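What follows is a set of notes on a single structure, which appears directly below.
The values are calculated or read from the model by the stated rules, or taken from the named source; none is laboratory data. Not measured: the values here are computed from a predicted model. For neighbour counting, all protein chains shown are included, and Cβ atoms are generated from backbone atoms with ideal geometry for every residue, glycine included.
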Amino acid sequence: MQAIITKTLPPSGHMPLRVKATTIAGNLTLRYEDIASESANHGAVARALADKLQWKGELVGGTPKRLNSMVWVFVNDSPRA
């Protein structure tokens with residue numbers, strides 16, 4: 001498993017606000033959900049990418065100095081509930 005980096009992508013003329021999760025093994029972009037917090041949006045796309053890659057375990061996120069991004073790492077490899 002690898003760390004997952006999530007980043008907020010601004011809206012463009014034809015695309016809504018969204019969050020992209022990236023790791024060497026792949027990436028995934030989801031629409032930003034206005035009813036959720038920013039960290040919840042980032043966590044949702046990180047978890048969705050981990051599920052897509054069939055990575056199990058608990059993800060913990062933190063915010064680096066770079067704005068609009070978070071870094072997610074696995075703290076264990078046991079299946080999530």
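Could you list, in sequence order, all residues of segment 22-69 that are basic (K, R) and more than 11 Å from the chain's Cα centre (by Cα)?
R31, K52, K56, K65, R66
Conditions tested, residue by residue: (1) surrounded by 15 or more Cβ atoms within 10 Å (Cβ to Cβ); (2) of a type in the set (V, I, T); (3) modelled with pLDDT under 95.
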{"position": "I5", "(1), (2), (3)": "yes, yes, no"}
{"position": "V19", "(1), (2), (3)": "yes, yes, no"}
{"position": "T23", "(1), (2), (3)": "yes, yes, no"}
{"position": "L28", "(1), (2), (3)": "yes, no, no"}
{"position": "P64", "(1), (2), (3)": "no, no, yes"}
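What are the residue pairs meeting all of these: first residue in segment 52-72, first residue in a loop (DSSP other than H, G, I, E, B), second residue of a type in the set (K, R) and surrounded by 13 or more Cβ atoms within 10 Å (Cβ to Cβ), Cβ atoms under 7 Å, and 6 or more apart or on different chains?
N68/K7
Just give me the residues in segment 1-55 being among the basic types (K, R) and farther than 20 Å from V73 by Cα, in sequence order. Reasoning before the result, please.
Within segment 1-55, the subset among the basic types (K, R) is 7, 18, 20, 31, 47, 52.
Passing the criteria: R18, R31.
Just need a number here: residues in segment 29-51 that are among the small types (G, A, S) and part of a loop (DSSP other than H, G, I, E, B).
2
Out of everything in segment 30-39 that is modelled with pLDDT under 95 and hydrophobic (A, V, I, L, M, F, W, C), what residue ends up being nearest to T8 (Cα to Cα)?
A36
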